[in-house]
Structure formats: C-alpha cells, structure tokens
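Report on one structure; see the data block that follows.
The values are calculated or read from the model by the stated rules, or taken from the named source; none is laboratory data. Because the structure is predicted, anything quoted here is derived from the model rather than measured. Every residue, glycine among them, receives a Cβ derived from its backbone with ideal geometry; neighbour counts consider all protein chains shown. Surface accessibility is based on the protein's heavy atoms, side chains included, excluding ligands, DNA and RNA. Shrake-Rupley method; radii C 1.70, N 1.55, O 1.52, S 1.80 Å.
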Amino acid sequence: MALLDWIGERMSPAVAAHGVTLRAPRAGDHEAWAALRAASRDYLTPWEPTWPEDDLSRAAFRRRLAIYAREQEAGAAWPMFVFSGDRLVGAITLSNVRRGVAETGTLGYWIGQAFAGRGLATAAVRAMVDFAFTDLGLHRVEAACVPSNHASRRVLEKAGFEHEGQARAYLKINGEWADHLLFGRVRDAP
C-alpha cells in the first residue's frame, strides 16, 4: 500500500493497493459521482437506505462532503472514493471507528453497476482493510450485508471476512428494516 498524497488540510491519505486507488471525495468529483450514482440507481436501490429527493444535487454533495470532513477530523470515519485508473467506480467508507478497548470500525461500500463483477469491490475492501490495520492500527473491521445480496457476501468472503452471525432488523434499507448477515475480520497477530 502506498500513500500517494495528502488532500488539503483534512490530511486524508490516498491509498493505492490491490489495483485500485482510494481517496477522499473532493468538490470537483460531483459530476462523475452523480452520473455514476444515477446510472446505477436501480442496481443500488435494493441494498441502500432510501435516497433523499435531492441526493444527486450539488448542494447535497456539498453537505455530504462537510459531514465527511467532520467525521474524519474526529477520527470516526474514513470515506473514500474508489478509482480504477482515473475512473471513479464506487465508494467505500470505514465508519463508526471506535478506539480504546474496541479498536474497530465498520465497513460499507458500493460499486457502480457498469463496474460490477470485475473484482473492484473486493480490491477496494482489501485496500481499506489494509489501511485500517496498518495505518490506523485497528484490530478489527466489521461489515454487514442483506442476506440476498450474494455479490456483497462474496466480496467480503474473498477479502478474508468471516461470517459471524445474523442481526434482525439491523438497518433500514430501501425504506424497510432488513436483517443483515454480520461479518468480521481481525488483524493477524504480528
């Protein structure tokens, strides 16, 4: 894994590993992000929270960036866009970072429909987990997916996550409380 650059005052690293680059979203990314999300809407909707009415607007994107900046400054989240070459293909976030006795975080990700099935989600998950363990010093990374999201389950399994159980009505997905499969990965002892 290589730290490519530091973005602005937020000191957000760009991570290049496993054939993808992860970096913090920037204001200039709005057009590419909105186009990718719009083109992938039907594909992503079954697996995500309900999109706000103005979700793809520039104003909503600016609000999203402000939230990301606050969370990152607090050390609670590391939101990053996923690039293959210079093309935006999705996003990944390590959130709910808890320190102290937990040293853990929760992983969430999406890949645009045009880029699905190419191993990019798996590469992004591996890169973020490497970053979490090596750069952030976390001990554990958790993730969850809807039981019918077989592609997401495969991504997690390929990236070394173990299925640890199931949580009833875990997250509100597409307007409904949905059960989720729970996965975890623990950093190997040195």
The answer for Asp179, listing residues at least 5 apart or on another chain whose modeled amide H is closer than 5 Å to its amide H, is Ala169, Tyr170
In the chain the accessible area split gives carbon plus sulfur, as whole percent at 1.4 Å, a share of 51
In the neighbourhood of Ala169 defined by beta carbon distances under 13 Å, the net charge of the other residues (Lys, Arg +1; Asp, Glu -1) is 0
Computed over the Cα atoms of the chain, the Rg and Dmax in Å are 15.8, 48
Sorted by chain and number, the residues with a modelled amide H under 5 Å from that of Val82, at a separation of 5 or more or across chains, are Val89, Gly90, Ala91, Ile92
For the chain, averaging the sequence separation of alpha carbon pairs under 8 Å that lie six or more residues apart and dividing by its residue count, the contact order in percent is 19
Across Ser152, Ser57, Ser40, the residue with the highest GNM fluctuation in the chain (Cα network, 10 Å cutoff) is Ser57
